[in-house]
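Some notes on the structure that comes next.
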Amino acid sequence: MAEKRDYYEVLGISKNATKDEIRSAYRKLAKQYHPDINKSPDAPKKFEEVQEAYDVLSDENKRAQYDRFGMAAFSQGTSTGGAGNPFQNGGFGGFSTEGFGGMDFGDLFSQMFGGGSRRSQSTAPRKGNDRLVRVQISFMDAIRGRKIELNNVDVERACSHCHGTGAESPNAYQTCPDCHGSGRVLRQQQTLFGVMQTESVCPRCKGKGKIVTEACHTCGGAGYQKERTTLTVTIPAGISSGRQLKISGYGERGVHGGPNGDLYVEVIVKSDPNFEREGNDIHIKATVGMAECALGTEIVVKTVYGEESVTIPAGTQPGAILKLKGKGVKDSAGRAGDEYVHLSIEIPKKLNERQKELLQEFIAEGKSSRWSSFLNRKK
Ligand SMILES: [Zn+2]
Ligand SMILES: [Zn+2]
């Protein structure tokens with residue numbers, strides 16, 4: 001299937017076009033490409049394209065869905081075969097808050113894109129759409145890894161009795177009386193320029209050319225059964241925010257006997273007040289007194305795996321960064337980042353008399369030692 005053009009582009013209007021602008025652009029183009037007027041070979045296709053764009057953009061709901069999801073909102077569902085962008089045909093999951101007792105799938109999926117998809121023009125088996133759900137976990141859970149439960153995950157699978165046909169037995173069929181077995185019917189469409197005839201898939205048999213005479217007793221003829229389940233998702237230790245975990249077969253039901261799509265769980269990691277993560281490296285801040293920096297000392301800092309003591313060498317300067325090798329995040333591939341301690345030096349704001357005295361002495365000592373070294377050099 002050729003890539004579809006943007007509906008706004010088709011009508012030559014801006015994304016903020018008013019209803020009147022949409023209507024007048026449609027009128028103009030429909031007239032230009034109407035097959036009764038325009039005899040060029042691509043006119044019928046152009047006319048259909050204009051008609052389709054107008055169908056969507058003139059309907060407030062459809063337009064809102066299109067603005068949000070693009071062409072995927074009205075996907076004709078040529079299979080993505082699981083490859084490429086999982087969002088292409090899929091719905092968007094909701095956004096959960098962190099849950100400890102599991103997350104309710106119904107809530108997560110409340111924002112999932114629902115209606116609006118057009119009936120497929122083909123009866124070939126194809127894979128169902130992928131689904132996406134986002135879950136949020138804490139910073140430390142991402143470091144250590146955890147299991148989460150997705151509750152009430154509804155998945156539709158081909159019926160075990162009829163294997164998706166909806167018929168009680170292989171003989172429970174007759175030729176479709178509406179299309180006489182061809183699977184296609186002529187449809188009359190009202191346009192601004194009168195009635196147009198188009199051929200389309202037979203709505204009664206959905207293009208199969210035959211209809212079921214005795215419905216399957218297990219699924220009632222639907223061809224599939226709904227299954228409600230709880231999925232346990234293992235989030236690997238060291239996962240970074242935005243990664244997607246694929247759960248095969250838990251997407252939307254396949255069409256015409258095709259396999260189910262997949263479910264993608266996107267993991268969003270919350271930030272932490274102490275640690276900042278950059279890849280597998282961790283950055284933290286620490287403050288050391290000025291005298292300790294001058295003399296050298298040892299401090300205890302947090303790492304994602306517990307506390308560590310760190311030596312501050314004598315003469316450490318403001319803005320110094322100390323590296324703790326291998327003390328960053330360990331990911332599931334066995335790589336470990338480092339921790340970087342960003343030092344700031346604390347200058348006391350208030351001094352008591354004794355401290356002032358000592359610092360005065362310290363200054364005097366500095367001057368006299370410079371003076372004496374000056375004198376020594378003169379000798
Ligand atoms: Zn069945
Ligand atoms: Zn039919």
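The values are calculated or read from the model by the stated rules, or taken from the named source; none is laboratory data. Computed from a predicted model, the values in this text were never measured in an experiment. So basically every Cβ, Gly included, is an ideal-geometry build from the backbone, and we count neighbours across all protein chains shown.
How many residues, within region 254-300, are small (G, A, S) and in contact with a helix residue (DSSP H, G or I) (Cβ under 7 Å, 6 or more places away or on another chain)? Matching residues across region 254-300 total 1.
Within region 344-362, none of the residues are closer than 29 Å to G242 by Cα and without any contact (Cβ under 8 Å) to a residue 60 or more places away in the chain. Cβ-Cβ distances below 7 Å connect no pair with a first residue in region 195-206 that is under 23 Å from F47 (Cα atoms), a second residue that is within 16 Å of ligand 1 (Cβ to nearest atom) and part of a strand (DSSP E or B), and a separation of six or more residues or different chains. Within region 211-238, residues that are at positive phi have Cβ atoms under 9 Å from residues that are within 16 Å of ligand 2 (Cβ to nearest atom) in these pairs: G220/G166; G221/G166; G221/A167; G221/V212; G223/T165; G223/G166; G223/A167, counting only partners at least 6 apart in sequence or on another chain.
Pairs linking a residue in region 176-192 that is without any contact (Cβ under 8 Å) to a residue 60 or more places away in the chain and within 12 Å of ligand 2 (Cβ to nearest atom) to a residue that is of a type in the set (K, R) and part of a strand (DSSP E or B), with Cβ atoms under 7 Å and 6 or more positions apart or on different chains, are C176/K210; G181/K210. Within region 208-238, restricting attention to residues that are closer than 21 Å to V135 by Cβ and of a type in the set (G, A, S), which residue is farthest from ligand 1 (Cβ to nearest atom)? My answer is G238. For R253, are the conditions met, namely being within 16 Å of ligand 1 (Cβ to nearest atom), outside any strand (DSSP E or B) and either touching a residue at least 12 places away in the same chain (Cβ under 8 Å) or within 30 Å of P35 (Cβ to Cβ) (or both)? Yes.
Just one residue in the set E278, E292 is farther than 30 Å from Q355 by Cβ and of a type outside the set (V, I, T); that residue is E278. Scanning for something within 16 Å of ligand 2 (Cβ to nearest atom), surrounded by 15 or more Cβ atoms within 10 Å (Cβ to Cβ) and modelled with pLDDT under 90, does region 244-266 turn up at least one residue? Scanning region 244-266, I find at least one residue that is within 16 Å of ligand 2 (Cβ to nearest atom), surrounded by 15 or more Cβ atoms within 10 Å (Cβ to Cβ) and modelled with pLDDT under 90, so the answer is yes. Test R184 against the stated conditions and say whether it is within 24 Å of F47 (Cβ to Cβ) and in contact with a strand residue (DSSP E or B) (Cβ under 8 Å, 6 or more places away or on another chain). The answer is yes for R184.
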